[in-house]
Each structure stands twice: as C-alpha cells, then as structure tokens.
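To start, the structure under review is shown below, and the notes come after it.
The values are calculated or read from the model by the stated rules, or taken from the named source; none is laboratory data. Quantities reported herein were computed from a predicted structural model and do not represent experimental measurements. Methodologically, a virtual Cβ is constructed for each residue, glycine included, from the backbone with ideal geometry; neighbour enumeration extends over all protein chains shown.
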Amino acid sequence: MRIGIFGAGAIGGFLGARLAAAGADVTFVARGPHLAAMQARGVTLRSGGETITVHPRCTADAGEAGVQDAVIVTLKAHSLPAAAPQIARMLGPQSALVTGINGVPYWYFHGLEGPWRDRRVESVDPGGRLWDLLPPSQVIGCVVYPAAEVVEPGVIEHVYGDRFSLGEPDGSRSPRVEAISKLLIAAGLKAPVRPRIRDEIWVKLWGNLCFNPVSALTGATLDRITGRPDLRALCRTMMLEAQAVAESLGVRFAISVDKRIDGAAEVGEHKTSMLQDLERGRPMEIDALLGAVVELGGVTGHPMPICETVLALLRERARLAGCYEG
C-alpha cells in the first residue's frame, strides 16, 4: 500500500516516520526548510527515549508523488482549502483520503441521515469547493490524539499519545479502513476503527471549542482555565450549548461535561495550540473549532449566545494580531 503524508509537520512526520520504520511505502509532501532537511538527512523522530532516522521519499510536489492508495492529511483546518488542489493530484478513483484534522470536517454531513444530509459546512468549506475537489465518498475520518513538535527542521519530538481513531462516515468496517488500521497498528500505533466516528470527533472538539478560545483571549493555561470557577463555568456553558447541537445531529456523548473538563485539567500547565499560534503570529483554527459549531447551531435552530459572544471576541483578537482573515 502506497501512503502519502500531506503536511508532514509534527503529527504527519511522527506518523510517517513510524510507518516508514515499519517498512511501509511512504511519501512525505512538505515544504520549506523542514522539507530540505528531510531530503538531505532523512526524518529523525525522538519518542519514548529512543531516536530513529528514516529516509522516505520527500517532495514539495504532490504530482511528483503520484497517485497513492491512501493520503493522510495532517494539516491545520485553515490550510486545507489552499492545499486541496495538490492533495487531489494524489488521489485516484480508489484512493482513500484520511483527514486527521481538528474541528468540524468539511465532509461532516456526507451520507448523514436526516434533513441536512450532504449539506456543505460553509465555515470550513466556503462554496463547497473542498467537497468538489476532495470527494467525501473517498474520506475516512481520523481523530488524532498524539502531541508532537518539530524541534528543528527534519527533527520531530513526540510528546505523548499514540492513538489515531479511524472511521468511515457511514460507520462500515470497509476493507480500506481495516487495511489502514492494520498498517498503523503494525507501526506500533493504536488505530481503532470506530463505527460512530462523529461521536469521537465531537468529544475532542468539545474541549477544543472552549479551551482554545478562552486560552487565546486570556493567555491562561489549561490548569487555570479548568481550575478557576469562573473560567470553568464559562467553558461548561459553551460545552452544553454545543452538546445540544451535536445531540440534535444524532451524536452520543459517552462521557459527561465535567469528566471532559477534568480530563483537560489533568494535562496541567499547558498552552493550547490556539494560544501558541496567537503568540507566534500564526493563523488560528477559529472556524473549524468554534465558527463551524456556531454555524451548526444556526442550522439546527439551537441558540448559542455564549459561544457566539466568545467567537466574536476571538475573531477580533485574532484580526488585531494578524492571525485571522475570516
């Protein structure tokens, strides 16, 4: 099986290095100094006290990579529209597209039973361009749990986590999702196949939609957000607003709001990715993590006054910092 990793930064590099070390046929598509370093010296992964270096094919040109059996996309959501034409060059009619991207995915309503079946999510897919370029029928959902960092070009530090939950949008255990799961497991990763992948997307999103924005607005780390009664109450209210929307779309939450918050508290003194992006002047994942949730509130007829207020404040904070175009 030919595996393309599009966006071979921290998470893509970690995943691709593990696959390559296990003997998989892997091609990285990356750019800049990171790509140059990988082409010159290979990909070095530091994980669990061990260091490995692998030498997969690395290119900036998706056309040069050619059609893959599976393309795993590990970009941030706001980078996907610009990258979509290149990703499409790696897809044949039978290729699987594994979307390891945070937030509400562009394909969310693909095949979803109910009145909104096959609806486009404008916040993450304006005009349905992604839907047309990257057919949802080829998508396999993926919820990413590891944390990793590119500590220098070509060198990836794996911080924690090894689970990549996979799921067909229709809930089936298709041969293609089974094959990708087995490949990841052979590389020493956890890769369960979930019959209800949207449920797992929401459980991760549940925290991201409040902890990330509140941290960006206040500068607070997770321990303070979850430990201060006022900030915890704010997050809890946002999560309850989102829960009502998700449940109206058929989602089942396996844990309570408070258990989800307590899980975040265990991470401790940690800056969220959105706060890190703000501090470094990088584009922020506002629309995938909160904008799309508010959009779905409007679609389903559920008022979200607190989420809407936080979203407005967050967008303006990001605009002033040059981190959001909208």
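Observations
- So residue 296, is it among the aliphatic types (A, V, I, L, M), buried (at least 20 other Cβ atoms within 10 Å of the Cβ) and at pLDDT 95 or above: yes
- Residue identified as surrounded by 19 or more Cβ atoms within 10 Å (Cβ to Cβ), under 21 Å from residue 28 (Cβ atoms) and within 17 Å of the chain's Cα centre (by Cα) among 155, 144, 121, 104: 144
- Residue that is nearest to the chain's Cα centre (by Cα) [pool: residues in the range 58-70 that are of a type outside the set (S, T, N, Q), farther than 9 Å from residue 29 by Cβ and surrounded by 17 or more Cβ atoms within 10 Å (Cβ to Cβ)]: 70
- When the criteria are applied in full, residue 220 meets the requirement of being out of contact with any His (no Cβ under 8 Å at 6 or more places or on another chain), over 30 Å from residue 71 (Cβ atoms) and outside any helix (DSSP H, G or I).
- Listed by first and then second residue, the pairs with beta-carbon distance under 9 Å, at least 6 apart or on different chains, first residue in the range 60-71 and in the same structural domain as residue 32 (by TED's automatic domain parsing) and of a type in the set (Lys, Arg), second part of a loop (DSSP other than H, G, I, E, B) and surrounded by 15 or more Cβ atoms within 10 Å (Cβ to Cβ), form an empty list.
- When residue 326 is tested against the conditions (1) outside the structural domain of residue 213 (by TED's automatic domain parsing); (2) modelled with pLDDT of 95 or more; (3) among the small types (Gly, Ala, Ser), the lone failure is (2).
- Within the range 8-19, the only residue that satisfies the criterion of being surrounded by 24 or more Cβ atoms within 10 Å (Cβ to Cβ) and assigned to a loop (DSSP other than H, G, I, E, B) is 8.
- Checking the range 39-62 against the condition returns no match, with no residue being closer than 18 Å to residue 166 by Cβ and not polar (S, T, N, Q).
- Applying the condition of being over 16 Å from residue 204 (Cα atoms) and free of Cβ contacts under 8 Å to residues at least 40 places away in the same chain to the range 232-246 and asking which residue is farthest from the chain's Cα centre (by Cα) yields 233.
- Residues satisfying the stated conditions in the range 147-166, i.e. touching a helix residue (DSSP H, G or I) at 6+ places or on another chain (Cβ under 7 Å) and at positive phi: 154
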